[in-house]
Amino acid sequence: MQLVFEHALDAAAAGDDRREAVVELVALSRRDRSVVEAARLRAMGLVMTRPHDQIGRYVLRLLDEALRRGDERHRWRPCRAFDPWDIEGNSHQEHP
């Protein structure tokens with residue numbers, strides 16, 4: 001999750017091509033939707049604490065688009081649903 005979030009932040013700050021950044025985010029997630037969902041939750045926290053931060057808002061848009069693109073193109077591998085409130089369960093997730 002950290003790598004996906006940081007890449008989205010770097011892409012937003014650098015003004016990288018949106019489409020390319022989204023493709024990279026999906027690839028960095030290693031086809032695990034929950035990784036992008038967790039990064040999105042972190043971005044939401046950033047936007048909630050700094051609502052006028054354009055970079056934070058762009059990070060959130062990139063992650064939203066990565067989720068949409070992955071859904072539309074069936075890029076996610078089957079895995080358990082991500083529950084942001086299940087701290088213990090999330091810490092035991094398997095990563096290939």
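Just so you know, all these numbers are worked out from the coordinates, no wet-lab data involved. Model, not experiment: these values are computed from the prediction. Here the Cβ positions follow ideal geometry from the backbone for every residue, glycine too, while neighbour counts run over all protein chains shown.
Note that the stretch 66-78 has calculated 3J(HN,Hα) couplings of 4, 5, 4, 4, x, 5, 5, 9, 6, 8, 8, 7, x Hz, one per residue in order, obtained from phi through the Karplus relation 6.51 cos²θ - 1.76 cosθ + 1.60 (θ = phi - 60°); glycine and proline are x. When each of 76, 85 is scored by the number of other beta-carbon atoms lying within 10 Å, the sequence from fewest to most is 85, 76. The overall shape of the stretch 1-57 is oblate: from the C-alpha gyration tensor, with semi-axes ordered a ≥ b ≥ c, the ratio a/c is 1.5 or greater and a/b is no larger than b/c.
Placing pseudo-labels 7 Å out from each Cα toward the beta carbon at residue 53 and residue 73 gives an inter-label distance of 2.8 nm. The phi torsions of the stretch 41-55, fed into the Karplus equation with coefficients 6.51, -1.76 and 1.60 and a -60° offset, translate into couplings of 4, 5, 5, 4, x, 4, 5, 5, 7, 9, x, 9, 6, 5, 5 Hz, rounded to whole numbers, with Gly and Pro shown as x.
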